[in-house]
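J.: My questions will all concern the structure given below.
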Amino acid sequence: GENVEQHPSTLSVQEGDSAVIKCTYSDSASNYFPWYKQELGKGPQLIIDIRSNVGEKKDQRIAVTLNKTAKHFSLHITETQPEDSAVYFCAAKDMRFGAGTRLTVKP
Amino acid sequence: DTAVSQTPKYLVTQMGNDKSIKCEQNLGHDTMYWYKQDSKKFLKIMFSYNNKELIINETVPNRFSPKSPDKAHLNLHINSLELGDSAVYFCASSQDGGLNQPQHFGDGTRLSIL
């Protein structure tokens, strides 16, 4: 089955800096790669997703890049704000989640 | 106008008891899911129902039984609760069948076994 590895497990940045979270997957049949944000006491919320027919997708301060050859995809958050602090999860084929990244943005 | 709602939000009970968690979605989606999030925040899918029919059943003990009275509801019944069942359980839904679609999650039910 699919195996998804996510790094780093924790990330602390200064407000205004960029944050990058990376995921690798094992199943070459994976074709859908979502990113979810989970705030304390809440359920995961989809923030961006990408399908395998594109290499990059951007939505305001958030972007996702996909390298199918290397089987990895990354979440990029620019101009980080304190409200970006949360746990972020990637997922690949059949909603196999990575272990999560706790992002802290310091004001 | 909550999209995916779960009740109760918190559930504290003793080992050996039987309990149920309810989930409802008002998005008109065809597929609903149950996930388990353990103490280390790891999220794992348990079940998937498409239009009231079970389509995915991961390696979950048969003490866990999902029930879908209609496509807007997917309840989770757990028999003979064990300490290891302590976790946060999330219900989710998506528009189409298949896992590779955007999913909408509820806010979770925190189950604590004493």
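Just so you know, all these numbers are worked out from the coordinates, no wet-lab data involved. Note that the structure is predicted; figures quoted are calculated from it, not measured. Virtual Cβ from ideal backbone geometry, glycine too; neighbours counted across all protein chains shown.
J.: Under 18 Å from a point placed 7 Å out from the Cα of B:GLU53 along the Cα-to-Cβ direction: which residues of region B:85-107 have their backbone N that close?
T.: Residues passing the 18 Å test: B:94-100.
J.: What nm distance separates the two modelled labels at B:SER20 and B:GLN95, each placed 7 Å from Cα along Cα→Cβ?
T.: Here the answer is 3.2 nm between the modelled labels.
J.: If you filter region A:1-101 for trypsin sites (Lys or Arg not before Pro), then keep DSSP loop positions with at most 16 other Cβ within 10 Å, what is left? Walk me through the numbers before you get to the answer.
T.: Details: sites: A:LYS22, A:LYS37, A:LYS42, A:ARG51, A:LYS57, A:LYS58, A:ARG61, A:LYS68, A:LYS71, A:LYS93, A:ARG96; in loops: A:LYS42, A:ARG61, A:LYS68, A:LYS71.
Counting only loop positions with at most 16 other Cβ atoms within 10 Å, the trypsin sites (Lys or Arg not before Pro) in region A:1-101 are A:LYS42, A:ARG61, A:LYS68, A:LYS71.
J.: Same structure again: For a quick check of your reading of the filter: which chymotrypsin sites (Phe, Trp or Tyr not before Pro) in region A:23-87 sit in a DSSP loop and have no more than 16 other Cβ atoms within 10 Å?
T.: Numbers: sites: A:TYR25, A:TYR32, A:TRP35, A:TYR36, A:PHE73; in loops: none.
In loop regions of region A:23-87 (DSSP not H, G, I, E or B), there are no sparsely surrounded chymotrypsin sites (Phe, Trp or Tyr not before Pro).
J.: How large is the dipole of chain B about the Cα centre if only Lys and Arg carry +1 and Asp and Glu carry -1, each at its Cβ, rounded to the nearest 20 debye? The partial results should precede the final answer.
T.: Details: 12 positive and 12 negative charges, 62 e Å.
My answer is approximately 300 debye.
J.: Further question: Taking the Cβ-Cβ separation of B:ARG110 and B:ASP70 as r and a Förster radius of 22 Å, what is the calculated FRET efficiency to the nearest 0.05?
T.: On the way: r = 26 Å, r/R0 = 1.19.
According to the calculation, E is roughly 0.25.
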